Amino acid sequence: MSSAAKPSALLTTTGLVVGYERRGILPPIDVTVRRGEFWAIVGVNGSGKTTFLRTLLGLLVPVAGSLEWGPESRVSYVAQRSEFDASVPNRIEDFVRAGFDRDWSFLRFRHGDRRAVEQAVEEARCGHLMGQQVSSLSEGQKGRVRLARALVSSPNVLILDEPTNAVDSVTEHAIFETLDELRREQGVTLVVVSHRTHVFAGRATHAIFVDRDGGAVLTGSFEDVVKAPELLSRHGPLGGHPDGLASRRGSGE
Amino acid sequence: MQDAGFDAFFEAWELFRDPIIAGSLVGAVLGLLGVYVVLRRMVFLSAALSQCASFGVALALFTEANWGATMMLTSPRFASLIVTLATATLLSWGRDATAARRDSWLGFAFLFGAAGTLALATRIGSGNQEIQAILFGSAVAVLPNDLLTVAIGSIGILGLHVWWRRGFLQVSVDPEAAFVRGLPVRLLEVMLLLSIALAISLFTQILGALPVFAFSVLPAMAALRVSIHVPMALAVAAALGAASGSIGYAFAFVYGLPVGASQALVALAIVVGSEFVRFATRRRGST
């Protein structure tokens, strides 16, 4: 395919160095993310995946280089652990509706919120939970409700940080099926961090492998990255074990 | 001391009308703001700011007693406002600090306000009694000018909070998600903090630090226990705050209690009541 036929870039990073307190933890990263792509961010625990993601979201300042979101991009984010304070009364519909406001939209009166909330919970397959308190949900249900909140504002880029970290394999499979459907049917671009790499097999189109200890970053098509000699020599083949890369380094960050 | 009784209270309604309206308004506004205070886990902030507001009043009285009423600083209202807003602004700069460090600075502000107020009180002479009133609350009589201040302040602060409610809620419940969606998080947080500081500064001079602190924490605590969502908690907290302000005043008259202490005790009783309601509701839900 010629570059002219490619969809316009939603995100471009050029020599982006991520880190903390002006100290980079990974080599420069150059990627261009386009509509309908599924980017898997993989690496062992503590390798810099979340740092990279938080830099993309503007929650961390880049150490060097640049990142530019395209003018058409509407980004939503599902954090690894959202604040689910049991002392805060929060029904599913209220929690999801909170994702509706963008920019200064909170100053305007809104119409059609209810329909947007219903559609989002339907897409995230948690409509049956409406009316319940968020604090009463299981981890898998919370994951779906977080996804619904991210979807309610009709994003075209969905960024998820370990969306299935605390769920069983059946729920994990179902959540990734939902994400894949959103990409295929609505063209939503996905950028997903997970150390359980098997979930990306057959779904992800692109990958970024980050290795803080080895000072390495690999980017490209998913197939190319997971077969790269640098990665294979250090970690062996990916995707074979349910715990993916985490199984090779023990557990915990 | 013999209790006056409720009959005597209602007979003298004309006398107590303004303080009760003032107490209700202050309770309602601080009750609503208290939901943000509790949600953002900054309960100690309102304690620190109310002490700093007291310090501002003490500073004005001290300045007047020693150098005469020649400066703007000798206006208790103005001095209290400046000191409280300055403290809130300084504290807002530290929002990125760790929780432990933020708490430490809140402790610093509280102690600065409390110790400073008590130290200045010893140098004011007859003003000492006024300082005691500010610290513990003695809104026995509210001047028409004070009632006007409460009314204008309440309308302004409530207006802002109705208008920006969704933004304030988002930055209080999940600021990172709000930032990613492009909401002006920094501005919202500063405006929220300044509106709380403004309310505490205005109301501390009229009702005293004790009831102001109580209203900015206790009604919200109760409301969050009995509400099913946060917007409902805002309304319930405002209603409970207003009830604490008015009923507390009536109890103070009837049972001969200090007004501020009586209002705080009513708010405490409401919290205990909300725990019973919560317990009964959950028990009924589980059977």
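The values are calculated or read from the model by the stated rules, or taken from the named source; none is laboratory data. Just so you know, these numbers come straight off a predicted model, no measurement behind them. Note: ideal-geometry Cβ built from the backbone for every residue, glycine included; neighbour counts use all protein chains shown.
If we scan region B:194-201, do we find a residue that is under 30 Å from residue A:79 (Cα atoms), within 12 Å of the chain's Cα centre (by Cα) and not charged (D, E, K, R)? Yes, some residue in region B:194-201 is under 30 Å from residue A:79 (Cα atoms), within 12 Å of the chain's Cα centre (by Cα) and not charged (D, E, K, R). Counting only residues that are basic (Lys, Arg) and within 19 Å of residue A:179 (Cβ to Cβ), region A:107-152 holds 5 of them. Selection of region A:113-149 for residues being of a type in the set (Lys, Arg) and more than 20 Å from residue B:173 (Cα to Cα) yields A:114, A:115, A:125.
Taking region B:164-203 as the range and being under 30 Å from residue B:245 (Cβ atoms), free of Cβ contacts under 8 Å to residues at least 60 places away in the same chain and of a type outside the set (D, E, K, R) as the test, the residues that pass are B:164, B:167, B:170, B:171, B:188, B:191.
A single member of B:35, B:57 is in contact (Cβ under 8 Å) with a residue 40 or more places away in the chain and within 30 Å of residue B:231 (Cβ to Cβ), and it is B:35.
The helices (runs of 4 or more DSSP H) falling completely within region B:157-247 that include 2 or more residues that are away from chain A (no Cβ under 12 Å) map to B:185-207, B:209-215, B:218-226.
Can we say residue A:147 is modelled with pLDDT of 90 or more, crowded, with 19+ Cβ neighbours inside 10 Å, more than 11 Å from every other protein chain (Cβ to nearest Cβ) and under 21 Å from residue A:35 (Cβ atoms)?
Numbers: modelled with pLDDT of 90 or more: yes; crowded, with 19+ Cβ neighbours inside 10 Å: yes; more than 11 Å from every other protein chain (Cβ to nearest Cβ): yes; under 21 Å from residue A:35 (Cβ atoms): yes.
Against the criterion (modelled with pLDDT of 90 or more, crowded, with 19+ Cβ neighbours inside 10 Å, more than 11 Å from every other protein chain (Cβ to nearest Cβ) and under 21 Å from residue A:35 (Cβ atoms)), residue A:147 qualifies.
Scanning region B:10-51 for residues that are surrounded by 18 or more Cβ atoms within 10 Å (Cβ to Cβ), closer than 19 Å to residue B:263 by Cβ and either in contact with an Asp or Glu (Cβ under 9 Å, 6 or more places away or on another chain) or not aliphatic (A, V, I, L, M) (or both) yields B:16, B:19, B:22, B:23, B:24, B:27, B:31, B:34, B:46, B:50, B:51.
Mind telling me which of the residues B:222, B:233 ends up being buried (at least 22 other Cβ atoms within 10 Å of the Cβ) and without any contact (Cβ under 8 Å) to a residue 60 or more places away in the chain?
On the way: B:233 fails: without any contact (Cβ under 8 Å) to a residue 60 or more places away in the chain.
Exactly one of B:222, B:233 is buried (at least 22 other Cβ atoms within 10 Å of the Cβ) and without any contact (Cβ under 8 Å) to a residue 60 or more places away in the chain, namely B:222.
Residue B:201 fulfils the conditions (1) closer than 19 Å to residue B:41 by Cβ; (2) crowded, with 24+ Cβ neighbours inside 10 Å; (3) among the hydroxyl-bearing types (Ser, Thr, Tyr) except for a single criterion, (1).
Here's the yes/no breakdown for (1) of a type outside the set (A, V, I, L, M); (2) at pLDDT 90 or above; (3) under 18 Å from residue B:64 (Cβ atoms):
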| site | (1), (2), (3) |
| --- | --- |
| B:87 | yes, yes, no |
| B:99 | no, no, no |
| B:111 | no, yes, no |
| B:114 | no, yes, no |
| B:136 | yes, no, no |
| B:144 | yes, no, no |
| B:150 | no, yes, no |
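Would you say residue A:106 is under 30 Å from residue A:14 (Cα atoms) and assigned to a helix (DSSP H, G or I)? Give the steps one after another, and end with the answer.
Numbers: under 30 Å from residue A:14 (Cα atoms): no; assigned to a helix (DSSP H, G or I): yes.
No, not satisfied.
Considered as a group, the residues in region A:55-100 that are surrounded by 18 or more Cβ atoms within 10 Å (Cβ to Cβ) and of a type in the set (Ser, Thr, Tyr) include one that is farthest from the other protein chains (Cβ to nearest Cβ), and that residue is A:55. Count of region A:136-181 residues, restricted to those that are part of a helix (DSSP H, G or I), of a type outside the set (D, E, K, R) and closer than 17 Å to residue A:194 by Cα, is 12.
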